[in-house]
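Chemist: Handing you this structure, nothing more for now.
Every number here is computed from the coordinates shown, using simple stated rules; none is lab data. No experiment lies behind these values; they were computed from the predicted model shown. Neighbour counts are summed over all protein chains in view; Cβ atoms, including those assigned to glycine, are modelled from backbone coordinates with ideal geometry.
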Number of protein chains: 2
Amino acid sequence: MTGQPERSAVGSATALVVGTGLIGTSVGLALTAAGWTVWLQDRDTENLRLAGVLGAGHPGLPPSDPTVVLVAVPPAGTARVTLDLQRTYLTSIFSDVASVKSQVKLDVERLGVDMTRFVGGHPLAGRERSGPGAARADLFEGRPWVLTQQTQTSAAALAVMREVVRVCGAQPFLVSAELHDRAVALVSHVPQVLASLTAARLADADPELLELAGQGLRDMTRIADSDPGLWTDIIGANAGPVLAILDSFAGDLDLARAELREVTVARRIGMSKDIDTHQSLSRPVDISPVDISTDLPFMRALIERGNAGHRRLPGKHGAARLEFSVVPVVVPDRPGELARLLVASGDAGVNVEDVSIEHSPGQAVGLVELSVRPEVAGALAQALRTGGWSVHA
Amino acid sequence: MTGQPERSAVGSATALVVGTGLIGTSVGLALTAAGWTVWLQDRDTENLRLAGVLGAGHPGLPPSDPTVVLVAVPPAGTARVTLDLQRTYLTSIFSDVASVKSQVKLDVERLGVDMTRFVGGHPLAGRERSGPGAARADLFEGRPWVLTQQTQTSAAALAVMREVVRVCGAQPFLVSAELHDRAVALVSHVPQVLASLTAARLADADPELLELAGQGLRDMTRIADSDPGLWTDIIGANAGPVLAILDSFAGDLDLARAELREVTVARRIGMSKDIDTHQSLSRPVDISPVDISTDLPFMRALIERGNAGHRRLPGKHGAARLEFSVVPVVVPDRPGELARLLVASGDAGVNVEDVSIEHSPGQAVGLVELSVRPEVAGALAQALRTGGWSVHA
């Protein structure tokens with residue numbers, strides 16, 4: 001199957017998708033849309049039926065070996081389902097979608113799965129919502145889809161999975177299971193734990209303390225709204241890499257706390273030195289600010305490291321981070337205003353790369369921030385102002 | 001000045017704003033827009049000049065006692081500047097904008113500031129950007145503005161500051177300095193530290209690990225892009241309340257790490273039991289999933305607490321959290337498409353409460369999620385579909 005593997009795989013391509021959750025159903029939708037014949041299987045008959053109605057494939061088992069069997073069940077069941085179905089479909093290529101790859105690799109090897117026709121997989125697409133109802137054919141458009149290849153993996157198996165990824169519109173990333181797991185621990189699993197830890201502080205807080213919350217906290221805890229069962233499984237399956245990063249986090253946290261503790265102690269001591277304060281009151285011109293700007297060198301370095309880390313995140317278009325310019329515009333919070341603004345931006349020939357709306361609780365206006373390429377920001381601001389918009393660039 | 005304090009304060013209202021950063025300049029813009037006469041003062045002559053050009057007021061000192069002196073300098077300088085100017089303007093009301101209130105209260109009391117005409121203040125508005133160039137008259141629209149009243153504070157002083165808050169379009173919150181500081185530690189300062197700690201993990205990471213990062217991590221670390229000097233000062237000034245919450249966070253983190261450590265140890269022991277695996281291979285039907293679904297009861301409870309905490313955050317319009325429905329639409333990433341979509345939504349008579357754009361790195365399409373009131377979501381989806389839009393509800 002070298003040469004033109006994609007074409008040969010596409011010819012009469014068929015798939016069995018086991019597990020009709022968000023991921024399995026979305027793959028079914030994408031493959032069906034591309035002309036594949038897709039069968040669906042799930043223990044949960046409600047999900048199975050819904051996935052079928054949505055057009056993700058035919059509930060049931062294929063009459064002959066499908067090109068590919070995609071095992072989209074919870075991680076703990078992946079190895080066994082793969083093994084069972086490899087004994088039924090003797091020529092099919094198998095892949096999975098588990099978000100932790102080392103454990104699955106270990107499991108399938110221990111259970112005796114035929115590794116020549118198994119490719120570990122992980123499409124990095126998801127939503128806060130789950131289930132087939134949240135599925136969409138374009139869920140994987142432009143997203144990374146990791147494929148983990150072992151030495152035994154056949155070229156044919158890899159070619160078939162590359163085609164599946166291509167059809168789903170995703171970008172294939174060929175990495176080792178270990179590197180994958182370290183990466184997702186860093187960019188996904190640890191942030192999930194930290195968002196939960198942060199949001200947990202809010203669970204028991206005095207309600208009046210929460211009234212001052214703003215958009216920053218909402219953004220930061222958005223992913224804390226995730227499914228506890230699913231995420232406990234994921235984090236448990238990637239315990240090692242997650243723990244390593246949390247340990248490093250805890251090390252920094254402990255240093256930050258120690259530094260803050262020193263400040264609070266120093267301040268308590270300082271508070272008893274009333275005599276000095278009274279002395280300086282007799283020389284008003286020389287009064288120096290009360291010494292509350294206690295140095296926090298670790299905290300400062302930490303925030304600087306955070307700046308640097310944040311700026312390393314890849315931006316839109318998967319390219320090296322693009323710095324967009326922001327054009328802020330005040331817009332009444334009523335139907336059609338945002339549309340009018342974007343029409344005006346379009347009329348100015350400007351592609352708006354991102355839109356952020358700052359909520360104005362209880363008020364009739366919102367602040368819309370249009371992110372655009374820096375070289376067009378000035379022209380856009382000018383055009384909008386000419387059009388009567390309240391631009392605050 | 002009881003009865004109609006706002007009106008009497010407005011008559012020939014004048015203000016001196018000391019410090020022409022983001023906050024001071026924005027207050028100057030708002031007061032000027034409302035007909036106040038505003039003077040501006042700053043050691044930084046560049047900032048002072050720019051604030052004047054932007055229309056925030058007149059650089060210079062007022063010829064007679066202004067109605068209010070707003071001290072908008074860094075927290076450490078607040079008390080001294082207030083004391084100095086109280087000796088110049090013997091009848092003016094004074095307030096500040098420091099984001100930590102207990103320390104300022106302590107400082108002004110120790111320095112001998114006249115507390116009858118001092119009201120602590122904190123407008124909870126800000127941006128990732130700072131300086132007078134980022135200022136806007138509407139920065140405070142609908143935002144909370146905390147006023148901290150001491151027993152000595154005169155009714156007149158409070159009335160003047162209530163008027164300033166009203167003119168700026170903000171919502172006054174009258175709370176104690178201590179409660180304020182606990183609140184901002186919870187909703188602002190601790191999240192800042194945690195975002196920095198999270199983003200710091202990315203600073204030294206292997207670049208290829210970052211390629212898998214998605215929107216969740218970007219959202220979570222957005223506030224990590226803040227000014228190190230400013231935030232070190234703020235956190236230092238609120239060290240006590242910040243430390244208390246970080247200690248509670250660290251307690252949970254340590255329990256989570258201990259649980260993960262147990263799992264990794266248990267797994268290492270499990271890995272050596274190869275004989276059991278080979279035995280079960282002889283009875284394929286009975287193979288149970290490899291036991292990787294190790295229970296993480298603490299992690300599960302933590303994520304559940306995070307769910308609960310996140311849901312307690314006030315939503316848009318300052319009301320109890322409104323649950324919006326999301327209508328997802330696939331839109332080509334080119335000028336005018338987003339505008340067309342919002343025009344179509346407006347034509348359907350639907351007010352779009354929020355717009356979120358999911359980036360599709362390297363691809364020509366974006367996923368736009370329109371947040372709308374649940375009762376109109378179905379109709380909007382239907383109307384958009386009829387109009388040819390790719391709706392994925």
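Chemist: Assuming R0 = 51 Å, what is the FRET efficiency of B:Thr37 and B:Asp206, from their Cβ-Cβ distance, to the nearest 0.05?
Modeler: Once rounded, the FRET efficiency stands at 0.30.
Chemist: So, one more: Using a cut-off of 19 Å between alpha-carbon atoms, which aspartates and glutamates can reach A:Lys105, once sequence neighbours fewer than 8 places away in the same chain are excluded?
Modeler: A:Asp84, A:Asp96, A:Asp114, A:Glu178, A:Asp181, A:Asp233, B:Asp274, B:Asp276, B:Asp291
Chemist: What is the distance, in nm, between label points placed 7 Å from the Cα along the Cα-to-Cβ direction at A:Leu174 and at A:Gln215?
Modeler: 4.3
Chemist: Next up: Compare the peptides B:305-311, B:159-165, A:47-53 by average per-residue count of other Cβ atoms within 10 angstrom and give them in order, highest first.
Modeler: In descending order of packing, they fall as B:159-165, B:305-311, A:47-53.
Chemist: Once you have the alpha carbon radius of gyration of the stretch A:177-282, what is it after dividing by 2.2 N^0.38 Å, with N set to its residue count?
Modeler: That ratio works out to 1.58.
Chemist: Can you give the FRET efficiency to the nearest 0.05 for A:Asp247 and A:Arg166, using r as the Cβ-Cβ distance and R₀ = 51 Å?
Modeler: So the FRET efficiency works out to roughly 0.85.
Chemist: Shifting gears a bit: Dipole magnitude of the stretch A:5-175 about its Cα centre, charges +1 at Lys/Arg Cβ and -1 at Asp/Glu Cβ only, in debye to the nearest 20?
Modeler: 160
Chemist: Using only the Cα atoms of the stretch B:5-175, build the gyration tensor, take square roots of its eigenvalues as a ≥ b ≥ c, and label the shape rounded, prolate or oblate: rounded if a/c is under 1.5, else prolate if a/b is larger than b/c, else oblate.
Modeler: rounded
Chemist: Would you tally the net charge around B:Cys168, using a Cβ to Cβ cut-off of less than 10 Å, leaving B:Cys168 out, and scoring K and R as +1, D and E as -1?
Modeler: -1
Chemist: In addition: Find which of A:Leu212, A:Ala185, A:Leu197 sits farthest along the positive direction of the dipole of the stretch A:177-282, computed with +1 on the beta-carbon of Lys and Arg, -1 on that of Asp and Glu, about the Cα centre.
Modeler: Of A:Leu212, A:Ala185, A:Leu197, it is A:Leu212.
Chemist: Also, I was wondering about something else. If we count other beta carbons within 10 Å of each Cβ, what is the order of B:Ser188, A:Ser248, B:Ser371, B:Ser12, fewest first?
Modeler: With the fewest neighbours first, B:Ser188, A:Ser248, B:Ser371, B:Ser12 line up as B:Ser12, A:Ser248, B:Ser371, B:Ser188.
Chemist: So if the hydrodynamic radius of the stretch B:182-242 is defined as the Kirkwood radius over C-alpha pairs, what does Stokes-Einstein give as its diffusion coefficient at 4 °C and 1.567 mPa s, in µm² per second?
Modeler: This corresponds to a translational diffusion coefficient of 103 µm²/s.
Chemist: Count, for each residue of B:233-244, the Cβ atoms from other chains sitting within 10 Å of its Cβ, then give me the mean as a whole number.
Modeler: 6
Chemist: Do any GluC sites (Glu not before Pro) in the stretch A:55-156 lie in a DSSP loop with no more than 14 other beta carbon atoms within 10 Å, and if so, which?
Modeler: A:Glu128
Chemist: Report, as an integer, the average count of C-beta atoms from other chains found within 10 Å of each Cβ along A:138-145.
Modeler: Mean partner-chain Cβ count within 10 Å for A:138-145: 6.
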